[in-house]
Amino acid sequence: MSIHDTAILDDAGHWRSRDLHVLWHPCTQMREHPDVLPLVPIERGEGAWLVGRDGRRYLDAVSSWWTNLFGHAEPRIAQAIAKQALTLEQVILAGFSHAPAVELAEKLLAIAPREPGRASLAKVFYADNGSAGVEVALKMAFHWFRNRGEDKRSKFVALANGYHGETIGALSVGDIPLYRRVYAPLLAEALFAPSPDSYVAEPGETAAECAERAADGLREIIERHAGEICALILEPRVQCAGGMRMHDPLYLRRARELCDAHGVFLIADEIAVGFGRTGTLFASEQSGVQPDLLCLSKGLTGGFLPLAAVLATQTIYDGFLDDSRERAFLHSHSYTGNPLACAAALATLSIFDADDVLARNRATASRMTELAAPLAELPHVADVRQAGMILAFELTQGGDKRTPFDPSLRIGLRAYRAALERGVVLRPLGDTLYWMPPYCIDDDQLLLLAHTTRDTIIEATACA
Ligand SMILES: *Cc1c(COP(=O)(O)O)cnc(C)c1O
């Protein structure tokens, strides 16, 4: 090792220790740093790579928490932000307007899911992260009924195993015990309908039958509480934080029908699955469904800046028009519609057209299918499932669905470390390993990902 290499390693160590003196990291038991979990100081990003301060390169197979679409430091998005920053960095959006906010709203409404015979989504409300976007949608649905004098409509229906963010309102409609349990006394009451997750289908049941069965459960809840429910919130197609659990698009169709039949708003949380992740631009399209409220964030800015958009119908918007200020939707965040974030989002949307991203993704997704197929044969792989650019491996003790690993084995953590040592960022959800790479991932990188995943699964499950 040369003197130069030692200096680089020292540099990584230097940042690691400065970090641990002052930072409190998200979704982390800080006690596990630095011994159980390595902390990886990153210097820069290049396409699908993250480059560490130790000079090592890490393939970002989780798109930096599902935000990145076209690679790190994508120059077109970076330049759009720089240009905007030199023009207008921020302006209050109450009473004022700016071109990036208007143009982005126009574009989002033009590409939003549509359903024949239904008035299209008509208005855009901005927030500055996914959870805040979910809060906006929940408050809008609730407040709309209040404005109509329907005060009994105060409940939300959400799905078992769903995730909508971690602010108090968003947690109230989430069902991941790890995030929710301790805060339960603070949370608003929600009604949870069965998950349509086809991983837990009954033996012999198809994904569509499983979705129908879950829809029957939803019907029961909606019928039992008719008149008390303002909205149903769900993640179309893939429950991402819930372990990349996937369901048949038929479910959303059924959910739409039930909402229509009972005058309940349908909130589609496409914060993770939007912008091409599941093969179509929006996952709702696969069901031919248009929600009443659509929550977008994460990939919206290509992974550059925090921004959320909530798209609403004209009917919902009109329900707030009144002489009274209290009937208005007063929700606000200081950075609502930040021009830099809007500029990043506009650049992101233009890349979808310029690079024919969805077509490229189709080819990438089928390559992912091919490369993952042999891994299904590994002894502890119980399931390999895919929705477009999301592919997940379920690891269990017996390699079947009925015998999960003892959680104390921490298979996911073992896999995380094993992959990181091999230069790939795989951050499992429990014992679910998944690929959710930036769309720019190339064939060499996919091969590396597949080989590393194979070695990672073998190493992580060797303790079993
Ligand atoms: C990530 C996520 C959120 C929350 O977004 P944040 O920006 O992390 O607050 C909400 N819903 C879904 C489906 C998500 O995946």
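Annotations
- Subset of region 228-244 [in contact (Cβ under 8 Å) with a residue 60 or more places away in the chain and either more than 14 Å from the ligand (Cβ to nearest atom) or not in a strand (DSSP E or B) (or both)]: Glu228, Ile229, Cys230, Ala231, Leu232, Glu235, Arg237, Cys240, Ala241, Gly242, Gly243, Met244
- Those residues of region 245-260 which are over 15 Å from Asn161 (Cα atoms) and either without any contact (Cβ under 8 Å) to a residue 24 or more places away in the chain or not in a helix (DSSP H, G or I) (or both), in sequence order: Asp248, Pro249, Glu257, Asp260
- Residue selected from region 276-296 under the condition over 14 Å from Glu115 (Cα atoms) and either touching a strand residue (DSSP E or B) at 6+ places or on another chain (Cβ under 6 Å) or open to solvent by less than 10 Å² (accessible area, probe 1.4 Å) (or both), by the criterion nearest to the ligand (Cβ to nearest atom): Cys295
- Test for Gly117: is it in the same structural domain as Pro428 (by TED's automatic domain parsing) and either more than 16 Å from the ligand (Cβ to nearest atom) or under 29 Å from Ala7 (Cα atoms) (or both): no
- Residues that are open to solvent by 10 Å² or more (accessible area, probe 1.4 Å) and within 10 Å of the ligand (Cβ to nearest atom) were ranked within region 298-309; the one that is farthest from Asp128 (Cα to Cα) is Lys298.
- Restricting attention to region 346-401 and to residues that are of a type in the set (A, V, I, L, M) and assigned to a loop (DSSP other than H, G, I, E, B), the residue that is surrounded by the most Cβ atoms within 10 Å (Cβ to Cβ) turns out to be Met389.
- Selection status of Phe192, among the aromatic types (Phe, Trp, Tyr) and farther than 23 Å from Arg118 by Cα: yes
- Taking the criterion of being free of Cβ contacts under 8 Å to residues at least 12 places away in the same chain and within 16 Å of the ligand (Cβ to nearest atom), the residues of region 26-64 that qualify are Pro26, Cys27, Thr28.
- Residues of region 120-149 classified as closer than 16 Å to Ile233 by Cβ and without any contact (Cβ under 8 Å) to a residue 40 or more places away in the chain, total: 1
- Residue within region 80-98 that is open to solvent by less than 50 Å² (accessible area, probe 1.4 Å), closer than 23 Å to Leu294 by Cα and over 24 Å from the mean Cα position of the chain (by Cα) present: yes
- For Arg410, the requirement of being without any contact (Cβ under 8 Å) to a residue 12 or more places away in the chain and open to solvent by 40 Å² or more (accessible area, probe 1.4 Å) is met.
- Residues located in region 428-446, provided they are in contact with a helix residue (DSSP H, G or I) (Cβ under 6 Å, 6 or more places away or on another chain) and either open to solvent by 10 Å² or more (accessible area, probe 1.4 Å) or not assigned by TED's automatic domain parsing to the domain that holds Trp66 (or both): Pro428, Gly430, Asp431
- Yes/no for Gly165 being on the phi > 0 side of the Ramachandran plot and within 12 Å of the ligand (Cβ to nearest atom): yes
- Counting only helices (runs of 4 or more DSSP H) that fall entirely inside region 1-91 and contain at least 2 residues that are among the charged types (D, E, K, R), the qualifying elements are 3-22, 75-85.
- The lone exception for Lys152 - which of (1) in contact with an Asp or Glu (Cβ under 8 Å, 6 or more places away or on another chain); (2) open to solvent by less than 70 Å² (accessible area, probe 1.4 Å) it fails: (2)
- Residues that are at pLDDT below 95, out of contact with any helix residue (DSSP H, G or I) (no Cβ under 6 Å at 6 or more places or on another chain) and within 18 Å of Val264 (Cβ to Cβ) within region 171-226 comprise just one, Glu189.
- Checked against (1) open to solvent by less than 30 Å² (accessible area, probe 1.4 Å); (2) in contact with a helix residue (DSSP H, G or I) (Cβ under 8 Å, 6 or more places away or on another chain), Thr336 passes all but condition (2).
The values are calculated or read from the model by the stated rules, or taken from the named source; none is laboratory data. In this text the structure is predicted, and so the values were computed from the model without any measurement. Every residue, glycine among them, receives a Cβ derived from its backbone with ideal geometry; neighbour counts consider all protein chains shown. Heads up: the accessible areas ignore ligands, DNA and RNA and are worked out on the full protein's heavy atoms, side chains in. Shrake-Rupley method; radii C 1.70, N 1.55, O 1.52, S 1.80 Å.
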